[in-house]
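The values are calculated or read from the model by the stated rules, or taken from the named source; none is laboratory data. Note that the structure is a prediction, hence the values are computed from the model and not measured. Quick reminder, even Gly has a Cβ in these numbers, built from the backbone with ideal geometry, and neighbours come from all protein chains shown.
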Amino acid sequence: MEYLQYRQTGEIGYITIDNMQEFNTLTLDLLEELDELLKRIAAAREVKTVVIEGSDKVFCAGHSLREIEEKTENEVLKLFQTCYRVMRTMREMPQLVISKVKKAAVAAGCQLVAASDMAVASEEAKFATPGINSGLFCSTPAVFLSRNIGRKKAVEMLFTGNFITAQEALQHGLVNKVVPAELLDEETEKLAKEVTKQSLNIIELGKRQFYQQIHMEDFQALNYATEVIALNSKHPDAQEGIRAFFEKRKPVWNATKTTVN
């Protein structure tokens, strides 16, 4: 890989954005590489969580304005459609995705954090959607940002372009926790390991159910969830988990993909 590094530690996969010559911008080539890697991780089912991290200097500076300026309208559309595919792959893969943010997450970099299932930030991290300052409103980052934080704060970020601190990001729901920079690796791994204790089959089922129901009307969502949990109850991992509970032991999860009809 040219723009990414990947390593596995136990049941955690780590993707490092490594495009520092361009401040970790999400170029077309990087996005295509990221989508391919995420799909390989999803298919292999060797890990249960995926951590996306940047460098000590920047998490991600968003899309490359130079690339956008140089491309035709159709080429720019392809760039953003590729970013769409990455977001879709993150959402549909069985593993939970955690963004680990040490420094700045800007524009589509902020979108990457917002689209992740969870996020951990250092006290030095900061977040912004400053496209409007360049005459290019952050339309695509607005989608996930506005689904993470309240409307008023989202509008403030999108229309002023100003940075918010890690503590503000925590207060408004963009990240799960904020820790000292020297503890970022440890605390992110700790959160990831809380997930890896679970069955990947049930993580996959739960992730799909969570995002399907979240924008439904209350009782439409409850009706859907009722059907899901009834099927879930007969999944081999659910049956193993229930037996383990009564037998006061740790469950032994099925390593292969299994479903119930």
Check LEU34 against each of (1) within 23 Å of LYS102 (Cα to Cα); (2) surrounded by 18 or more Cβ atoms within 10 Å (Cβ to Cβ); (3) in contact with a Lys or Arg (Cβ under 9 Å, 6 or more places away or on another chain) and name the one condition it does not meet. (3)
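Go through region 16-39 and report how many residues are free of Cβ contacts under 8 Å to residues at least 40 places away in the same chain, closer than 16 Å to PRO94 by Cα and in contact with a strand residue (DSSP E or B) (Cβ under 9 Å, 6 or more places away or on another chain).
Number satisfying all stated conditions: 1.
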For the subset of region 76-130 comprising residues that are part of a loop (DSSP other than H, G, I, E, B) and among the basic types (Lys, Arg), which member is farthest from ALA181 (Cα to Cα)? LYS103
Single residue of region 69-105 satisfying the filter (among the β-branched types (Val, Ile, Thr) and free of Cβ contacts under 8 Å to residues at least 40 places away in the same chain) that is nearest to GLN212 (Cα to Cα): VAL76
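Collect the residues in region 71-97 that are among the acidic types (Asp, Glu) and more than 15 Å from LEU112 (Cα to Cα), keeping them in residue-number order.
Answer for region 71-97, where residues must be among the acidic types (Asp, Glu) and more than 15 Å from LEU112 (Cα to Cα): GLU73, GLU75.
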Please state which of the following conditions PHE59 fails to meet, knowing it meets all the rest: (1) at pLDDT below 95; (2) outside any helix (DSSP H, G or I). (1)
Would it be correct to say that ARG91 is over 19 Å from THR25 (Cα atoms) and under 12 Å from the mean Cα position of the chain (by Cα)? yes
